[in-house]
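All remarks here apply to the structure that follows.
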Amino acid sequence: MSEFNLIREYFLWGKPIDTVRIGVGDDAAVLKIPLNNELIISVDTFNEGIHFPVETPAHAVGYKALAVNLSDLAAMGAEPAWFTLALSMPVADRSWVSEFTRGMRELAQKHNISLIGGDTTRGALSITIQVMGLAAPGVALLRRGAQAGDLVCVSGTLGDAAAGLAVVQNRLELTASAAEYCVQRLYYPTPRLALGVILRGRATACMDISDGLLADLGHLLQASGVGACLYHALLPISSALKTVAFDQRLDFALRGGDDYEVLFTLPPALLAEVQDEASKQQIGVTVIGHIDAQQADLRLDYAFPDKRRGYEHFS
């Protein structure tokens with residue numbers, strides 16, 4: 001299958017929406033940016049064996065590759081608009097490409113984001129996606145801005161995806177139902193786009209959790225110039241993960257990564273309304289600590305034997 005046949009067969013997803021004047025199939029896309037909006041852009045690369053196990057189903061690869069990018073838009077409080085895709089693969093296997101695009105397209109349609117172009121090449125399996133979102137001027141959420149006295153909050157539950165990876169890699173044994181839940185959380189993360197919109201004008205700082213809670217909170221504290229104290233007993237843990245030994249589940253929740261939940265800071269007076277609005281979207285919001293004035297100092301009320309905070313590509 002030639003590159004151009006592959007594009008025609010699998011990446012032309014119907015008539016472009018109104019904001020796309022020229023989409024897939026030309027040298028570049030031409031977009032109409034709505035008035036009174038800022039353009040918010042993020043890009044991520046997704047490599048086989050690094051960002052997803054070799055045996056990951058093609059449908060899950062397509063879904064997750066887009067989901068992790070949508071999570072960045074959620075953390076900025078942006079509404080998804082468009083994305084580009086650069087796909088390298090060793091062979092153009094029809095069944096794999098069909099399932100890959102099906103997973104990606106399902107998520108794209110759910111969140112009304114349009115594929116507008118990209119590139120396909122022969123090489124090791126690697127997916128690079130650039131997402132573009134929109135927000136009114138000045139409302140985008142940032143990592144900097146946390147203030148002493150703010151609450152540290154997270155969405156959802158933590159550590160499930162890390163446990164799922166351990167199951168897939170035969171490093172962890174769980175009951176069948178718990179294993180299925182954790183592996184699904186690994187393969188199919190939920191971008192919290194609705195929560196990002198709720199947090200506009202409320203959260204003082206925000207980001208998503210990709211490399212582990214401790215690592216990512218460290219980035220937020222560094223950007224904000226503040227410190228934080230976390231309480232391990234407050235971490236939101238799923239019933240599936242509660243079947244894992246205490247130290248191991250705590251390690252998964254704090255340092256495992258791949259959660260793609262939203263981490264944010266919030267003035268205490270706004271907690272009840274944020275939790276109420278989030279619950280209407282079936283999103284749990286949990287307070288796990290507080291911000292203080294000790295610059296970039298992260299303290300946890302539990303001692304680990306080593307000082308790792310999360311995943312680092314070049315450590």
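Taken together, the values in this text are just the output of simple stated rules run on the coordinates, not laboratory data. Being a predicted model, the structure only gives us computed values, none of them experimental. For neighbour counting, all protein chains shown are included, and Cβ atoms are generated from backbone atoms with ideal geometry for every residue, glycine included.
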Original post:
Computed from the mean reciprocal separation of all distinct C-alpha pairs, what Kirkwood hydrodynamic radius does segment 245-299 have, in Å?
Top reply: 13.7
Original post:
Under a plain spin-label model, where a point goes 7 Å from the Cα along Cα-to-Cβ, how far apart in nm are Tyr188 and Ser95?
Top reply: 2.1
**OP:** Using R₀ = 22 Å, calculate the FRET efficiency as 1/(1 + (r/R₀)^6) where r is the Cβ-Cβ separation of Asn112 and Ala272; round to 0.05.
**Re:** 0.15
**OP:** Would you mind giving the average projected area, over all directions, of the Cα convex hull of segment 90-232 in nm² with one decimal?
**Re:** 12.0
Original post:
Taking K and R as +1 and D and E as -1, what net charge do the other residues with C-beta under 15 Å from the C-beta of Ile237 add up to?
Top reply: -1
Original post:
Between Asn5 and Ala136, what length comes free when the chain is fully extended (0.36 nm per residue of separation minus the Cα-Cα distance, one decimal in nm)?
Top reply: 43.3 nm
Original post:
Under a plain spin-label model, where a point goes 7 Å from the Cα along Cα-to-Cβ, how far apart in nm are Thr121 and Gln282?
Top reply: 4.0
Subject >> the chain - charge dipole about Cα centre, Lys and Arg +1 at Cβ, Asp and Glu -1, debye rounded to 20 >> reply: 300
Subject >> Segment Ile41-Phe246, extension gain: residue separation times 0.36 nm, minus the distance between their alpha carbons >> reply: 69.9 nm
**OP:** State which stretch of the chain is the longest one without any exposed trypsin sites (Lys or Arg not before Pro), exposure meaning a DSSP loop state and at most 10 other Cβ atoms within 10 Å.
**Re:** 33-170
Subject >> segment 1-159 - charge dipole about Cα centre, Lys and Arg +1 at Cβ, Asp and Glu -1, debye rounded to 20 >> reply: 220
Subject >> Fraction of antiparallel bridges per DSSP, segment 1-143 only, in percent to nearest 5 >> reply: 70
Original post:
How large is log10 I(q)/I(0) at q = 0.14, 0.22 Å⁻¹ when the Debye formula is applied to the Cα atoms of segment 149-288, each weighted equally and without solvent?
Top reply: -0.62, -1.35
Original post:
At 222 nm, what helix-only mean residue ellipticity would the chain give, in deg cm²/dmol to the nearest 500, using -39500 (n - 2.57) for each DSSP H run of four or more?
Top reply: -10000 deg cm²/dmol
**OP:** Report the net charge of residues surrounding Arg192, where surrounding means a beta-carbon distance below 10 angstrom and charges are Lys +1, Arg +1, Asp -1, Glu -1.
**Re:** -2
**OP:** Quick one: net charge around Leu134, please, counting Lys, Arg +1 and Asp, Glu -1 for every other residue with C-beta under 13 Å from its C-beta.
**Re:** 0
Subject >> Of Gly156, Tyr181, Val131, farthest towards positive along the dipole that unit charges on Lys, Arg, Asp, Glu beta carbons give segment 125-192 >> reply: Val131
Original post:
What does the convex hull of the Cα atoms come to per residue for the chain, in Å³?
Top reply: 139
Subject >> Projected area, mean over directions - segment 92-144, Cα convex hull, nm² >> reply: 5.8
**OP:** Output the peptides 33-45, 208-220, 123-135, 225-237 sorted from most to least packed, where packing is the average of other Cβ atoms within 10 Å over each peptide's residues.
**Re:** 208-220, 123-135, 225-237, 33-45
**OP:** Report the charge-dipole magnitude of segment 41-127 in Debye, nearest 20, computed about the Cα centre from +1 at each Lys and Arg Cβ and -1 at each Asp and Glu Cβ.
**Re:** 180
